[in-house]
Amino acid sequence: MLDSLTKAFTDLIAENRESEAYQLLYRHYHATLLDFSAAYLKAREPAEEIVNDVLLKVWQMKGNIVQISNLRAYLFTAVRNASLDQLARLKREQRLLSDIPLRDMATDDPESLVISMELYDCIRNAINALPPRCRQIYEMVRLEGMRNKDVSEKLNISVNTIDVQLAIALKRLVNAVSSFNKERTLSKEV
């Protein structure tokens, strides 16, 4: 048996009143789901992206919505899972970035300055060596400060694709910096 909101949603879809159907979803669930996701993420902006993505996905699968007996439970589960996925991605990213040692970066002696410039060149070369789409996404998000959602809309790709490409870029940058540090260590030993 469908709950009353799911029934109202499917009725609006059946009547080709899709805009009203989406507004119904948005009005009834957006604020609550946003608070729910933000409680996991401790931030509203990524929570907003997650909630909007989940609501959009449900609206896009409008023809199959009758298979969901409890739309509320479905939405909360989808938002929870997406929020936990986001936390896992952030944790992986922080772990990758913490592997980059930044010693000697803040000193003023000439040797450290040369090392800093070499490290900068290493990172810039690693960014330039990324596949074109991966580099474009990395530069838009990390260097230009764009939100994942804005990049996905501009490039007409999913937010998940953005996350995957950023993970690829970060892994390659970490590998480049690790290689740089190994070379520096070896050259000091010689």
Note down all Cβ pairs under 9 Å where the first residue falls in region 126-150 and is over 23 Å from Q86 (Cβ atoms), the second is hydroxyl-bearing (S, T, Y), and they're at least six residues apart or on different chains. I127/Y138
How many residues are under 30 Å from Q60 (Cα atoms), among the basic types (K, R) and in a helix (DSSP H, G or I) when one looks only at region 143-190? 2
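Output the residues belonging to region 167-186 that are open to solvent by less than 70 Å² (accessible area, probe 1.4 Å) and over 18 Å from the mean Cα position of the chain (by Cα).
Hits for region 167-186 are V174, A176, V177, S178, S179, F180, N181, R184, T185.
With respect to V164, is the statement that it is buried (at least 17 other Cβ atoms within 10 Å of the Cβ) and at pLDDT 85 or above true? Step through it out loud before you land on a result.
Numbers: buried (at least 17 other Cβ atoms within 10 Å of the Cβ): no; at pLDDT 85 or above: yes.
When the stated conditions are applied, V164 does not pass them.
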Restricting region 138-161 to residues that are in contact with a Ser or Thr (Cβ under 8 Å, 6 or more places away or on another chain) and open to solvent by less than 30 Å² (accessible area, probe 1.4 Å), which is modelled with the highest pLDDT? S152
Scanning for something farther than 14 Å from A167 by Cα, open to solvent by less than 100 Å² (accessible area, probe 1.4 Å) and modelled with pLDDT of 75 or more, does region 100-113 turn up at least one residue? no
Limited to region 19-66, what total is found for residues that are surrounded by fewer than 13 Cβ atoms within 10 Å (Cβ to Cβ), of a type in the set (D, E) and at pLDDT 85 or above? 1
Scan region 1-47 residue by residue and report those that are touching a residue at least 40 places away in the same chain (Cβ under 8 Å) and either charged (D, E, K, R) or not in a helix (DSSP H, G or I) (or both). M1, L2, D3, E18, E45
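The values are calculated or read from the model by the stated rules, or taken from the named source; none is laboratory data. Please read these numbers as outputs of a predicted model, since none were measured by experiment. All Cβ positions, even for glycine, are placed from backbone atoms using ideal geometry, and neighbour counts span all protein chains on display. Accessible surface areas use protein heavy atoms only, side chains included; no ligands, DNA or RNA. Shrake-Rupley method; radii C 1.70, N 1.55, O 1.52, S 1.80 Å.
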